[in-house]
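Visitor: Take this structure first; my questions come after.
The values are calculated or read from the model by the stated rules, or taken from the named source; none is laboratory data. What you are looking at is a predicted structure, and each value in this text was computed from that prediction instead of being measured. For neighbour counting, all protein chains shown are included, and Cβ atoms are generated from backbone atoms with ideal geometry for every residue, glycine included. Calculation scope for accessible area: heavy atoms of the full protein, side chains included, ligands and nucleic acids excluded. Shrake-Rupley method; radii C 1.70, N 1.55, O 1.52, S 1.80 Å.
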Amino acid sequence: MKSDPILEIDKLTLLFRNIRALDGVSFDVREGEIVAIIGPNGAGKTSVLNCISGFYRPQSGEIRFLGKRIDREPTHKIASLGISRTFQNIELYSTLTTLDNLMAARQIHMKHNFLAGALFFGWARHEEVKHREAVEKVVDFLELETVRKSVVGNLSYGIRKRVDLGRALSQEPRLLLLDEPMAGMNQEEKEDMARFVLDINEETNTAICLVEHDMGVVMDICDRIVVLDFGRKIAEGSPDRVKSDPRVIESYLGGY
């Protein structure tokens, strides 16, 4: 049984000059729920994630996380509240190792100052060990053991997408935003990623909001689906309800 909303989006409107990227969009995400945002290219899907994570500032509407309004908070504050994300185009430190990329995500949990960290003694050393243990758990969880010390830029595309997921997971989020996590993957890689998304949700009760074009994956793993078209919400509901909605079929699903 799902709980009360962890994320509430109310009449969100985003303008780029005279273009309405989002036009009065409203929906919520509950604790432990997987919600997909789907729609044609240019529908405003990534814009929603960018507003939630603080990369865009909506002109009107509200975004509330755990009851607190966050649509005017800076990105680092939003991350510290418990929201993490992956990106449509992989944004990793390509010259660093998998472990280093995951450790970078732990920065929001680190308490020691620059001097203590540089000298690496006492409490700072203890904290470093604690964060490395947390990162190693993510490595094991996402089956990244064989590439833990590999430079990310040398890894295959599918593995880099998994490292990107691992970095977001290393923040220990309450809400995980995934922007096209299966994009560019072959069928086997998609199946692995879908399994990891389900495992994260089931084992940690993390709420997940994802943008994805693979309708097979969306219909299989999501509790609810929000459909956008030209920045407006045209449908919302269970996978079965959405895939039979005439407006969704006409604008996006076609013969799915």
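Visitor: Looking for something in contact with a Pro (Cβ under 9 Å, 6 or more places away or on another chain) and open to solvent by less than 30 Å² (accessible area, probe 1.4 Å) - is there at least one such residue anywhere in segment 227-246?
Guide: For segment 227-246, residues in contact with a Pro (Cβ under 9 Å, 6 or more places away or on another chain) and open to solvent by less than 30 Å² (accessible area, probe 1.4 Å): present.
So that you can scan it fast, the table gives a plain yes or no per residue for (1) modelled with pLDDT of 95 or more; (2) of a type outside the set (Phe, Trp, Tyr):
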site: Asp4; (1), (2): no, yes
site: Leu15; (1), (2): yes, yes
site: Gly24; (1), (2): yes, yes
site: Gly32; (1), (2): no, yes
site: Ser47; (1), (2): yes, yes
site: Cys51; (1), (2): yes, yes
site: Phe65; (1), (2): yes, no
site: Arg72; (1), (2): no, yes
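Visitor: Suppose we keep only residues that are assigned to a loop (DSSP other than H, G, I, E, B), modelled with pLDDT under 95 and of a type outside the set (Ser, Thr, Tyr) within segment 83-107. Which one would you say is nearest to Thr204 (Cα to Cα)?
Guide: Per the criteria, the residue is Phe87.
Visitor: Which numbered condition trips up Tyr56, out of (1) modelled with pLDDT of 95 or more; (2) open to solvent by 20 Å² or more (accessible area, probe 1.4 Å); (3) not in a loop (DSSP other than H, G, I, E, B); (4) not polar (S, T, N, Q)?
Guide: It is condition (3) that Tyr56 fails.
Visitor: Report yes if Ser80 is among the small types (Gly, Ala, Ser), in contact with a Leu (Cβ under 7 Å, 6 or more places away or on another chain) and part of a helix (DSSP H, G or I), otherwise no. It would help to see each step written out before you state the result.
Guide: Details: among the small types (Gly, Ala, Ser): yes; in contact with a Leu (Cβ under 7 Å, 6 or more places away or on another chain): no; part of a helix (DSSP H, G or I): yes.
Answer is no for this residue.
Visitor: So, one more: Enumerate the pairs (first residue in segment 187-215 and of a type in the set (S, T, N, Q); second residue anywhere and surrounded by fewer than 18 Cβ atoms within 10 Å (Cβ to Cβ)) with beta-carbon separation below 6 Å, excluding pairs fewer than 6 apart on the same chain, so at least 6 apart or on different chains.
Guide: That search, which allows pairs on different chains as well, returns Asn205/Gly32.
Visitor: If Ala118 passes every condition in (1) at pLDDT 90 or above; (2) open to solvent by 40 Å² or more (accessible area, probe 1.4 Å); (3) among the small types (Gly, Ala, Ser) but one, which one does it miss?
Guide: (1)
Visitor: Anything in segment 169-192 that is buried (at least 22 other Cβ atoms within 10 Å of the Cβ) and part of a helix (DSSP H, G or I)? List them, or say none.
Guide: Leu169
Visitor: Then there is this: Given the structure, is Arg195 within 15 Å of Met103 (Cα to Cα) and either touching an Asp or Glu at 6+ places or on another chain (Cβ under 6 Å) or in a helix (DSSP H, G or I) (or both)?
Guide: On the way: within 15 Å of Met103 (Cα to Cα): no; either touching an Asp or Glu at 6+ places or on another chain (Cβ under 6 Å) or in a helix (DSSP H, G or I) (or both): yes.
When the stated conditions are applied, Arg195 does not pass them.
Visitor: Of the residues Ala183, Ala168, which is modelled with pLDDT under 95 and within 27 Å of His76 (Cβ to Cβ)?
Guide: Within the list Ala183, Ala168, the selection yields Ala183.
Visitor: When you scan segment 193-221, how many residues do you find that are over 16 Å from Asp164 (Cβ atoms), more than 12 Å from the chain's Cα centre (by Cα) and open to solvent by less than 10 Å² (accessible area, probe 1.4 Å)?
Guide: 1
Visitor: Please give the strands (runs of 3 or more DSSP E) falling wholly within segment 1-44 in which 1 or more residues are among the polar types (S, T, N, Q) and either under 20 Å from Phe230 (Cα atoms) or touching a strand residue (DSSP E or B) at 6+ places or on another chain (Cβ under 8 Å) (or both). I'd like the intermediate steps shown before the answer.
Guide: Values: elements: 5-16, 19-30, 34-38.
Qualifying strands (runs of 3 or more DSSP E): 5-16, 19-30.
Visitor: Still on this structure: Kindly establish whether Lys161 is open to solvent by less than 30 Å² (accessible area, probe 1.4 Å), part of a helix (DSSP H, G or I) and of a type in the set (Lys, Arg).
Guide: yes
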